[in-house]
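Here's the structure we're looking at; comments come further down.
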Amino acid sequence: MTTKTIEPIKGGEFIIKSTAAENVFIPEELSEEQRMMADTAQQFLETEVWPILDRIDALEPGLMQSLLDKAGELGLLSISIPEQYGGLGKDFLTGMRITEVLGAGHSFSVAMAAHTGIGTLPILFFGNEKQKEKYIPKLATGEWKASYCLTEPGSGSDALAAKTKAVLTEDGKHYVLNGQKMWITNAGFADVFIVFAQVDAESTPDKKGGFTGFIVDKQTDGLSLGEEEHKMGIKGSSTRQVFFTDCKVPAENLLGEKGKGHLIAFNILNIGRAKLAAAALGGTKRVCTLSVKYANERQQFKLPISKFGAIRYKLAEQAIRTYTLESALYRLSHDIDLKEKSLLESGMSFNEAILKSAEEYAVECAILKVAGSETLDYVADEGVQIYGGYGYSAEFPMDRAYRDSRINRIFEGTNEINRLLSVEMILKRAMKGELDLMTPAMNVQKELMGIPDFGNGDEALFTREQKAIADMKKCILLVAGAAVQKLMMTLAKEQEILMNAANMIMETYLAESLLLRIQKSVTLYGEEACKEKLDMMHVFFYDAMNRIANEARTAVNSFAEGDEQRMLLMGVKRFTKYANINTKEARQRIAKKLIEENRYCF
């Protein structure tokens, strides 16, 4: 029997192309092996991490290292590392599932993500064979711990402005590093540091330098650490400054190509953004369950507070946003996984295949990073509110959840940077001819001149949602197209308008992912089994359409006037219509299911 090969749409192409529900992956389809591995990760959290969260936050000496050692013994540090380097060699989808589960581990999840992601992957993807053979097996088991040194006091979002300098010695055997890095996760116990520095061109034989990556061992003379930072959250994560004072690094420890450090930094960030969304999802599910349990236990006016509409609204909204995030995350993960496997089959190396796959979907990675971090922030904030006064007490779990969630909007590029990047990357691809935005944008303008389509009264399941998705995309093309035409070269400076566009794009990707998942679920399990999920879809679409309409109007009013403004606003109104939904009753039904199950159950 031959299986049909699914060809996913290209990165960013969702704006102009539709996707069939049968072609998306939904988490309900995870294999038995993937579920068993996820159960192992869950049990590790329940037995090794959650019972000692206070000790972890107190930075008890040696504790985080011992947890990483135990995780290494279970294979949790080597999920995605090829077998030839001592890893389990599992696919991208499996790695994302494990990342999701362990994302509920507070400071531990940060330490682990830094080690397995930005600490290990630069060597795995950009190191030469000798470097991989030396470092990867020990990083895979956790015998060596890894850290990533990019940010400096004067360079955060503008990473390439780093001032740490590397000078090649006269004999060509060492690079001497001088500089300072800050906010370095795992710095207090790392054995291996991935460090970025500006190579002094004049010191090299070919007179070429620039932003370059290095592998620096902990025992290297001239490497020293600052004190542990006192942070708002993730207190159990070791965060220190790292200083390099005439630090002599062997020339063979140069990582990748000289002057091409940006390729390492930016490619690793694509994967890191997707994984941050996965970790955030794990956190949201945990907070949702804690919120439901507390609402069922807490009595006021002789009733559990889960009986009250205001609380049910919060429980339902937590679940809607979590389920929607999960739908988008596994859609993206599957697309990356398919692309990687396709490139491997074409003869591309493992390193190139995964990097090219993540780069292909860099737009979606940026979108998911923003959506994941902001969903977790929302869910944690409402969790505090559900707990009331106890939510503000450090004796209860919401205090830690609230503080720990906040960093995610800064990690892996701030959400503002990621919003701007998502639009910038789409426009760049359009200018290169990789995405044909012009034709559909012109068609939308022509459609505005015609008679509106009022539909044919067809109330078949999903008809109005499919039309809504098509209209959301038309609204993006209408507003963004008009902004490009009007502002041309100055658009890049109009960050507020770009933010409006980014939010419209994000809402559309989330809504479409949610629709595709529920369509597939109904096909697999039947409409009755998915009734609360259909409620989630209706509520999310109703609210998302209103959010898109507001973003679109704000953008139009920022650059258009007179007849042009009136025409564009008329188009926005036409393309942001959705059915009148009784969202109160829909949320009540969703909350009822959560309350009955006493957990996040979707």
Sequence ranges 264-275, 343-354, ranked by mean other-Cβ count within 10 angstrom, highest first: 264-275, 343-354
Give me 474, 493, 163 ranked fewest to most by other Cβ atoms within 10 Å of their Cβ, as a rough exposure proxy. 493, 163, 474
Rounded to whole Hz and in sequence order, give me ³J(HN,Hα) for segment 166-180 from the Karplus expression 6.51 cos²θ - 1.76 cosθ + 1.60, θ = phi - 60°, writing x for Gly and Pro. 10, 10, 6, 5, 4, 7, x, 8, 9, 10, 9, 9, 9, x, 9
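Using only alpha carbon pairs under 8 Å that are at least six residues apart, calculate the relative contact order of segment 262-416 and give it in whole percent. Mind dumping the intermediate values first?
Details: 160 pairs, mean separation 53.6, N = 155.
Relative contact order of segment 262-416: 35 percent.
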Karplus 3J(HN,Hα) series, Hz, for segment 203-211 with 6.51 cos²θ - 1.76 cosθ + 1.60 (x for Gly, Pro): 8, 9, x, 8, 6, 10, x, x, 5
Using a simple charge model, +1 on the beta-carbon of Lys and Arg, -1 on the beta-carbon of Asp and Glu, nothing else, what dipole does the chain show about its Cα centre, in debye to the nearest 20? 1160 debye
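At R0 = 41 Å, how high is the FRET efficiency between residue 47 and residue 163 if r is their beta carbon distance? Nearest 0.05 is fine.
Values: r = 45 Å, r/R0 = 1.09.
Computed FRET efficiency for residue 47 and residue 163: 0.35.
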Under 5 Å between amide hydrogens, which residues at least 5 positions from residue 59 or on another chain qualify, with H placed 1.01 Å from N in the peptide plane? none
Measuring from a point 7 Å past the Cα of residue 128 along Cα-to-C-beta, which residues in segment 190-207 have an amide N at less than 18 Å? 195, 204-207
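In nm, what is the difference between 0.36 nm times the number of residues separating residue 206 and residue 577 and their Cα-Cα distance?
Working: separation 371, 0.36 × 371 = 133.56 nm, distance 6.16 nm.
Length difference between fully extended and current span is 127.4 nm.
Of the listed peptides 8-15, 575-582, what is their order by residue-averaged count of other C-beta atoms within 10 Å, with the highest listed first?
The packing order, highest mean first, is 8-15, 575-582.
P(r) tail for segment 133-185, what percent of Cα pairs lie past 18 Å? It would help to have the intermediate numbers written out before the result.
Numbers: 741 of 1378 pairs.
It works out to 54 percent of all Cα pairs.
Hey, what did the chain get for relative contact order, percent, Cα under 8 Å, at least 6 apart?
Details: 991 pairs, mean separation 87.3, N = 602.
The normalised contact order for the chain reaches 15 percent.
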Please give the residues of segment 458-499, grouped as numeric ranges, whose backbone N is less than 16 Å from a label point set 7 Å along the Cα-to-Cβ vector of residue 561. 486-487
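How high is the FRET efficiency from residue 470 to residue 310, r the C-beta distance, R0 41 Å, rounded to 0.05? The partial results should precede the final answer.
Working: r = 35 Å, r/R0 = 0.86.
Once the sixth-power term is evaluated, E becomes 0.70.
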Using a cut-off of 10 Å between beta-carbons, work out the net charge of the residues near residue 343 (Lys and Arg +1, Asp and Glu -1, residue 343 not included). -1
In whole Å, what is the distance between the alpha-carbon centres of segment 179-214 and segment 148-167? 8 Å
Could you go through segment 229-239 in sequence order and give the Karplus-derived ³J(HN,Hα) for each residue, using 6.51 cos²θ - 1.76 cosθ + 1.60 with θ = phi - 60°, rounded to whole Hz, and x for Gly and Pro? 6, 8, 10, 5, x, 5, 5, x, 8, 5, 9
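A short reminder: the numbers here are calculations on the coordinates, not readings from a lab. All values reported here derive from a predicted model rather than from experimental measurement. With ideal geometry, Cβ positions are generated from the backbone for all residues, glycine too; neighbour counts draw on all protein chains shown.
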